Amino acid sequence: MTISKFSLAGLSRRNFMALAGAGTVAAGLSGRAFAQAEPTDLAVQLNWLETADFAPAFAAEMMGYDVAHGIRQSFVPGGPQIDPIQSVAGGSAPVGFAASVGQCALARASGIPIKIFGAFNRTSPIGLISLAENAITTPADAVGKRIGLQGGARLAWSIILKENALSEGDMTIVPVAGDVSPLVSKQVDGFWGSAVNQHISLARAGVPNHIMTRSEVGAPEHFGVLFALESTLAERRDDIVAWLAALVEGQRYYMGNSDIVADHIVARSPALQLNTEQLREQSAAIISFINVPGKDLPLLRLDEEGGAQAISQLDAQGQLPSPVSLADLLDGSLLDEAYAVLG
């Protein structure tokens, strides 16, 4: 097949890359022509600080996968006071990361026209941390205990309790902030946190502890969910498909080189004063949450069974202002196209 310079000019980035991946464009021409194009800037709204939570995206940055696919990522940091969905809806960036499928379902049910199209981690590292000497390994172990919950954790804990035929009346709920010291000082017996954050920090400080993640006890969720407004998916589809292709490559690299990626994250974020050894531990730990046990899903592909269950559990709690299904929320076609580009 011969492609003239005139037919090349009419190709979208997505079609050009698909042709190149299929070998229908001469290798020398496709490589040079695409590499010489100026990458398109793509701002990405994070739902937290620039840490190992976003390691695949930073791996894509480090290895130049984004530029190779014709886009250049820039990152808008999140934080405890930043709602990434509201930020994207307000124009901070065309795409973003949300904490969970449930967060995105709540936004869509509230009238924000977002779609999700992938997730870094198909199992959530979030759950209840307890000291090893007084471990809470099942929801039933929480009966009669003091459970420290941040305001945003109450809903997730309520879902876990309902799934396990328990109620808040079976225990004492203690409001806490993000500081894990109430657990260390034994003011609470359980503390809502992360297997890749407080769980590791405590262990590094010499405090043996256990975490019971929500996905283990009947409340499956994702972590690091990719989303955008519906209008953005229409207007910048090629850019987002290219970004997804770069993220798949970034996650592949990261899974085999987590220490190298962790070192890059430390170097690129000096203002955060990240501890290299701790970030290496966190980076390695996150890998265990990429896949769902017993399921062989392509990278970034949503666990549709778990996503649908997360939404139905929110609905059962009366939390959705209007009906939302996973079919309403998910657009898997962009990832299909990204994998076609990768070949």
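The values are calculated or read from the model by the stated rules, or taken from the named source; none is laboratory data. As the structure is a computational prediction, the values presented were derived from the model and not from experiment. Heads up, the Cβs are rebuilt from the backbone with ideal geometry, glycines too, and the neighbour counts pull from every protein chain shown. Only protein heavy atoms, including side chains, enter the accessible area calculation; ligands, DNA and RNA are left aside. Shrake-Rupley method; radii C 1.70, N 1.55, O 1.52, S 1.80 Å.
General observations
- Aspartates and glutamates with Cα under 15 Å of Lys295, excluding same-chain neighbours fewer than 8 positions away: Glu216, Glu221, Asp303, Glu304, Glu305
- The order of the peptides 163-175, 49-61 by mean Cβ neighbours within 10 Å, most packed first, is 49-61, 163-175.
- Percent RCO, i.e. relative contact order, over the chain, from Cα pairs under 8 Å lying at least 6 residues apart: 28
- Within the chain, percent of DSSP bridges classed antiparallel, to nearest 5: 55
- The equivalent ellipsoid that matches the C-alpha gyration tensor of the stretch 152-253 spans semi-axes of 35, 20, 12 angstrom, in descending order.
- With protein chains left intact and a 1.4 Å probe, residues in the chain average 42 Å² of accessible area per residue.
- Calculated SAXS-style log₁₀ I(q)/I(0) at q = 0.19, 0.21, 0.27 Å⁻¹ - the stretch 79-126, Debye, Cα scatterers: -0.63, -0.77, -1.19
- Sequence ranges 336-343, 41-48, 103-110, 291-298, ranked by mean other-Cβ count within 10 angstrom, highest first: 103-110, 41-48, 336-343, 291-298
- The string of couplings for the stretch 110-124 from the Karplus curve (6.51, -1.76, 1.60, θ = phi - 60°) is 8, x, 8, x, 9, 10, 9, 8, x, 7, 5, 10, 8, 10, 7 Hz, one whole number per residue in order, with x for Gly and Pro.
- A simple spin-label model places pseudo-atoms 7 Å from Cα toward Cβ; at Ala37 and Gln81 they are separated by 4.1 nm.
- The calculated 222 nm mean residue ellipticity attributable to helices in the chain amounts to -12000 deg cm²/dmol, summing -39500 (n - 2.57) over DSSP H runs of n ≥ 4 and dividing by all residues.
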